[in-house]
């Protein structure tokens, strides 16, 4: 089998001695490579411009006019992925070392050992293949992990997108604020996807969902035997996010003790696992999010001021959906399409009255609530048009003046709690905040009204009506 | 050894092979300072011996170098009519092993077939066993077979048919 065309290298040979150019050309062509030769730097640069890009350039260090080092700089400036091999006589190895520092890939001494030269070409081919494979994989990953788009035509969305574009390529810490369900994680993912860290991990920690001890172990990791049940060493999220982005959601929920350790890790960029004493370097970028007014928490003393300023270097405020109502039709149609595809059916149309009502609705649970509402509507409606009938929250609103008069207080309360739980994806802390009661009360209400996941906000279950 | 090599070439590519004695390197191609023969000087002289439809393969017992290469096992002009191979580094004694004529004959046959392949315009082959695979060390020569792979053999047949 002769060498396949796809595996051949495209080589540029630059030497002022014709015999060297001819010998190397013959030698490489016997190996099936394609070779272009130039007698000086200027001719080499012209070849790179006209015939490039090349996989490998072999350049002589000592040439009249532009010397090898200068040529090396020009070649790499035009094509940073080019593997440049410098050719040198025994006497000029020092110069070869300088060339390596300037970015040369390798060097060979003249006269060449044919075996070494062949090995060098083989390695160069492997290097090129790896680069190509890497580029292909990056492209595939891009196609797979592109974050969901932030949709909307409003000025508010345009402003958020502008802020993302400005801050993403930097290493700056970002604090994303906004009500529950506005899409703070989507913003964080967009920042990561548009940063230099995009091919490295994006690690999410929901600080509000974990008890203090567990959160510390999750964030910082633990050594074996650090506490009862720590049977194995565990790497924390900071280590998992090495070279990538750590997204700390609901940052306002963390305890004062965890705040101290978090500040230390962010400032020193080293982690000490629970039960350990070794500082482990970690290269991460922090993006945090909260739906609380952290400034007020700082003023009240429940959130450390120094940590707040560490996290809030750049702030992105994501507006609630009711302040960008013009985006609701776009979002509603987008969710229709997405859920219809998941359900393997054609996306239904939303009739104009329903679309107007959806746009007028206040959406306390924001985009997440709208998404849930559309998904549920698609489940109950098998036809090709969605009307107000398929959106119970609109019916509530519509029937409020007359309808509520015939309902008991507990019935209305139950219905409201159900709706808030659905809107917050059953995030009890969040639901408690919206309802302005404590978490215990929410749990008690869930128990007393026998509310379960999937319970419609307007129940027909007589047992729940007292 | 040369007769055995000639037979191998005849079997492998079906060429008629004649052996002519002669001294290589005594005409200015020998570099006394390096103690090696410059293959680039020999090849044009060998080309002169080639007549229509023939190829000339020079076998040297001295070490070869080629302008920019410290040493070479052999050299040929791609698609040309002359090639040269040296037995110097192919002898088992070169790497400290005891003399072994059979091993030398095998190595020389492989190198001759390799250079003949280049004369037919073949480039190096990636097939591990093929004699057209590049070998920079004795171990790599020993790991090849004394034969072309099917693709290279077909390519030679095609070139012979068109030539």
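Within region A:39-58, work out how many residues are at pLDDT 85 or above, in contact with a helix residue (DSSP H, G or I) (Cβ under 8 Å, 6 or more places away or on another chain) and away from chain B (no Cβ under 14 Å).
Residues in region A:39-58 being at pLDDT 85 or above, in contact with a helix residue (DSSP H, G or I) (Cβ under 8 Å, 6 or more places away or on another chain) and away from chain B (no Cβ under 14 Å): 10 in total.
Here's a check for you: in region A:6-17, which residue that is facing chain B (nearest Cβ under 10 Å) and out of contact with any helix residue (DSSP H, G or I) (no Cβ under 8 Å at 6 or more places or on another chain) is nearest to residue A:58 (Cα to Cα)?
Going through the qualifying residues, I end up with A:17.
Output the number of residues of region B:59-76 satisfying the condition of being part of a loop (DSSP other than H, G, I, E, B) and away from chain A (no Cβ under 14 Å).
Here the count works out to 2.
Filter region B:8-30 down to the residues that are free of Cβ contacts under 8 Å to residues at least 12 places away in the same chain and surrounded by 13 or more Cβ atoms within 10 Å (Cβ to Cβ) and list them by number.
If the condition is that a residue be free of Cβ contacts under 8 Å to residues at least 12 places away in the same chain and surrounded by 13 or more Cβ atoms within 10 Å (Cβ to Cβ), then B:17 is the only one that fits.
Identify the single condition in (1) in a helix (DSSP H, G or I); (2) at pLDDT below 90 that residue A:369 does not satisfy, given that it satisfies every other one.
Condition (2) is where residue A:369 drops out.
Between residues in region B:130-149 that are facing chain A (nearest Cβ under 10 Å) and part of a helix (DSSP H, G or I) and residues that are at pLDDT below 90 and buried (at least 18 other Cβ atoms within 10 Å of the Cβ), which pairs lie under 8 Å by C-beta distance while being six or more apart or on different chains?
Pairs that qualify, where the first residue is facing chain A (nearest Cβ under 10 Å) and part of a helix (DSSP H, G or I) and the partner is at pLDDT below 90 and buried (at least 18 other Cβ atoms within 10 Å of the Cβ), are B:140/B:134.
Scan A:100, A:121, A:130 and give me the residue that is buried (at least 16 other Cβ atoms within 10 Å of the Cβ) and either at negative phi or at pLDDT below 90 (or both).
A:121
Out of (1) more than 28 Å from residue B:34 (Cα to Cα); (2) in a helix (DSSP H, G or I); (3) within 13 Å of chain A (Cβ to nearest Cβ), the odd one out for residue B:115 is which?
Unmet for residue B:115, out of (1) more than 28 Å from residue B:34 (Cα to Cα); (2) in a helix (DSSP H, G or I); (3) within 13 Å of chain A (Cβ to nearest Cβ): (1).
Based on what the data block shows, is residue A:374 under 26 Å from residue A:451 (Cα atoms), at pLDDT below 90 and surrounded by 16 or more Cβ atoms within 10 Å (Cβ to Cβ)?
For residue A:374, the condition - under 26 Å from residue A:451 (Cα atoms), at pLDDT below 90 and surrounded by 16 or more Cβ atoms within 10 Å (Cβ to Cβ) - is not met.
Taking the conditions exactly as written (more than 23 Å from residue B:91 (Cβ to Cβ) and either under 12 Å from the mean Cα position of the chain (by Cα) or in a helix (DSSP H, G or I) (or both)), does residue B:152 satisfy them or not?
When the stated conditions are applied, residue B:152 passes them.
Check B:22, B:79 and return the single one that is within 14 Å of another protein chain (Cβ to nearest Cβ) and not in a strand (DSSP E or B).
Only one candidate qualifies: B:79.
Residues of region A:229-257 being over 26 Å from the mean Cα position of the chain (by Cα) and closer than 22 Å to residue A:278 by Cβ, which ones?
Hits for region A:229-257 are A:229, A:230, A:231, A:232, A:233, A:257.
Search region A:22-38 for residues that are more than 7 Å from chain B (Cβ to nearest Cβ) and on the phi < 0 side of the Ramachandran plot and pair each with any residue that is surrounded by fewer than 21 Cβ atoms within 10 Å (Cβ to Cβ) and part of a loop (DSSP other than H, G, I, E, B) when their beta-carbon atoms are under 7 Å apart and the residues are at least 6 apart or on different chains.
Close Cβ pairs satisfying both conditions: A:33/A:8; A:33/A:9; A:34/A:8.
Yes/no per residue for (1) crowded, with 21+ Cβ neighbours inside 10 Å; (2) touching a strand residue (DSSP E or B) at 6+ places or on another chain (Cβ under 6 Å); (3) part of a helix (DSSP H, G or I); (4) in contact (Cβ under 8 Å) with a residue 60 or more places away in the chain:
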{"site": "A:339", "(1), (2), (3), (4)": "no, no, yes, no"}
{"site": "A:346", "(1), (2), (3), (4)": "no, no, no, no"}
{"site": "A:359", "(1), (2), (3), (4)": "no, no, yes, no"}
{"site": "A:364", "(1), (2), (3), (4)": "no, no, no, yes"}
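For region A:231-241, state whether one or more residues are in contact with a helix residue (DSSP H, G or I) (Cβ under 7 Å, 6 or more places away or on another chain), at pLDDT below 90 and assigned to a loop (DSSP other than H, G, I, E, B).
Yes, region A:231-241 contains at least one residue that is in contact with a helix residue (DSSP H, G or I) (Cβ under 7 Å, 6 or more places away or on another chain), at pLDDT below 90 and assigned to a loop (DSSP other than H, G, I, E, B).
Tell me which of these residue A:226 doesn't satisfy, since it passes every other one: (1) in contact with a strand residue (DSSP E or B) (Cβ under 7 Å, 6 or more places away or on another chain); (2) over 15 Å from residue A:287 (Cβ atoms); (3) buried (at least 19 other Cβ atoms within 10 Å of the Cβ).
Single failed check for residue A:226: (3).
Which condition does residue B:161 not pass, out of (1) assigned to a helix (DSSP H, G or I); (2) over 15 Å from the mean Cα position of the chain (by Cα); (3) at the interface with another protein chain (Cβ under 10 Å from one of its Cβ atoms), if it passes all the others?
(3)
Testing residue B:152 on (1) more than 10 Å from every other protein chain (Cβ to nearest Cβ); (2) modelled with pLDDT of 90 or more; (3) more than 16 Å from residue B:85 (Cβ to Cβ), one condition comes back false. Which one is that?
Single failed check for residue B:152: (1).
Looking only at region A:32-43, count every residue that is within 28 Å of residue B:152 (Cβ to Cβ) and more than 44 Å from the chain's Cα centre (by Cα) and tell me the total.
Residues meeting the conditions: 1.
Name every residue in region A:51-72 that is more than 21 Å from residue A:22 (Cβ to Cβ) and exposed (fewer than 15 other Cβ atoms within 10 Å of the Cβ), in order of residue number.
A:53, A:70, listed by residue number.
Only one of B:117, B:121, B:96 is touching a residue at least 24 places away in the same chain (Cβ under 8 Å) and at positive phi; which?
Only one candidate passes the filter, namely B:121.
Taking region B:31-58 as the region of interest, how many residues are in a strand (DSSP E or B) and either crowded, with 19+ Cβ neighbours inside 10 Å or on the phi > 0 side of the Ramachandran plot (or both)?
Going through region B:31-58 one residue at a time, the tally reaches 5.
For region B:109-128, check the following and say yes or no: at least one residue is under 12 Å from the mean Cα position of the chain (by Cα) and either at pLDDT below 90 or over 29 Å from residue A:13 (Cβ atoms) (or both).
Among the residues of region B:109-128, at least one is under 12 Å from the mean Cα position of the chain (by Cα) and either at pLDDT below 90 or over 29 Å from residue A:13 (Cβ atoms) (or both), which makes the answer yes.
Taking the options A:272, A:266, A:251, name whichever one is surrounded by 16 or more Cβ atoms within 10 Å (Cβ to Cβ) and modelled with pLDDT under 90.
That would be A:272, the only listed residue that is surrounded by 16 or more Cβ atoms within 10 Å (Cβ to Cβ) and modelled with pLDDT under 90.
The values are calculated or read from the model by the stated rules, or taken from the named source; none is laboratory data. Worth saying up front: this structure is predicted, and the values here are computed from it rather than measured. Cβ coordinates were reconstructed from backbone atoms using ideal geometry, including for glycine residues, and neighbour counts include every protein chain displayed.
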